[in-house]
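What follows is a single structure, written as C-alpha cells, with notes after it.
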Amino acid sequence: MTGIFWWVVFPYLTLTVMIFGLLYRFAFRQVSWTAPSTEIFEKRWLRIGSIVFHYGIIFAFVGHIMGVLIPRSVYHFFGISDETYHIFAIAGGGFAGLMVVIGLVLLLMRKILNRRVRAHAGFGDYFAVILVLIIAAIGTYMTIVYNTTVVAYEYRTTIGPWFRSLFTFNPQYGLMHMVPFVFQLHIILAFLLFASIPFTHLVHMFSFPARYPARSPQQYRSRNSYRKRERT
C-alpha cells in the first residue's frame, strides 16, 4: 500500500493540485502571475545568482528530458552505449546541478542578508527557494557522488518507464520498489514542488515572454528625485 501511495496516488494528487491551482490563479489572480523584481533593492548578487541559476535549471531540465522521457532503447538505436551515456550524464548533469545550487545559495543569502530584500520576501519565497535548493542538492549528490562512488544507477530502466507510465494512466509502481532511497526522495520532493507552484512565485515559469524583447524598458525613479522636480 505504501508503494501505491507514493508512486501512484501522490504523483497524481500533486499534479492535480498544480493543474487546478494554475487554472484558478490564472482565472482569478492573474495580476499576481509574475515574480516581482527586487533589482531596485540590490543588483550585484541578483545578477550573478539569477543568471547562474536560470542557465543551470535550463540545462538540468534538458538533462531530465534526455534521461527520463527518452527511452534507453532510443540511445541504443543511435549507437550510444550505456557507458558513453553515463559519462556525459555525470559531466553535464553535475555541472548543471552545481550551477543551480550555487545560484540558489546566492539568491537565498541575498534574501537573508539584505535588509530591503528580506522585508519584501514572504514565506512562499523562502519555501520555494529552499525546496528547490534541497532537490537540486540531492540531484547533484546523486550525479556526482552516488553515481561515481557507489554505482552508476541505471534509472532509465526503472524511473524512466515508471514516469512515462503515469502519462498513459497505467502506472508501473512496481518498478520503483528497488530504486535507491536517495532517488526516491528526490522524486517525492520534486512532485511536492509541483504542487506548490501555483502558490508561489514559481508560477512565472509558465509565462512565455514572447513580447519581452519588443517591450519598452521599465524605468525606476526614486521618490526624492520626483519631489525635487515637483518643487522646481
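The values are calculated or read from the model by the stated rules, or taken from the named source; none is laboratory data. None of the values given here were measured: they were computed from a predicted structure. Positions of Cβ are generated from backbone atoms using ideal geometry, with glycine treated the same way; all protein chains shown enter the neighbour counts. Please note that ligands, DNA and RNA were not included when accessible areas were found on the heavy atoms of the full protein model with its side chains. Shrake-Rupley method; radii C 1.70, N 1.55, O 1.52, S 1.80 Å.
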Quiz item: Quick one: in region 169-184, which of the residues that are open to solvent by 60 Å² or more (accessible area, probe 1.4 Å) and part of a helix (DSSP H, G or I) is nearest to Arg156 (Cα to Cα)?
Solution: Tyr173
Exercise. Answer with yes or no whether Phe41 is at pLDDT below 80 and of a type in the set (Phe, Trp, Tyr).
Key: yes
Self-check item: Those residues of region 38-79 which are among the basic types (Lys, Arg) and assigned to a loop (DSSP other than H, G, I, E, B), in sequence order
Solution: Lys43
Practice problem: Check off (1) farther than 19 Å from Ile48 by Cα; (2) open to solvent by 30 Å² or more (accessible area, probe 1.4 Å) for Arg116 and give me the number that stays unchecked. | Solution: (1)
Exercise. Determine the pairs where a residue that is closer than 12 Å to Leu104 by Cβ, located within region 41-54, has a partner that is open to solvent by 60 Å² or more (accessible area, probe 1.4 Å) with Cβ atoms under 7 Å apart, the partner being 6 or more residues away or on another chain.
Key: Val52/Ile102
Quiz item: If you take the residues of region 69-98 that are in contact (Cβ under 8 Å) with a residue 60 or more places away in the chain and charged (D, E, K, R), which of them is surrounded by the fewest Cβ atoms within 10 Å (Cβ to Cβ)?
Solution: Asp82
Self-check item: Answer residue from region 185-232, given it is of a type in the set (Gly, Ala, Ser) and in a loop (DSSP other than H, G, I, E, B) and is modelled with the lowest pLDDT among those
Solution: Ala210
Self-check item: Scope region 16-37; condition open to solvent by less than 70 Å² (accessible area, probe 1.4 Å), at pLDDT below 75 and assigned to a helix (DSSP H, G or I); matching residues
Solution: Ser32
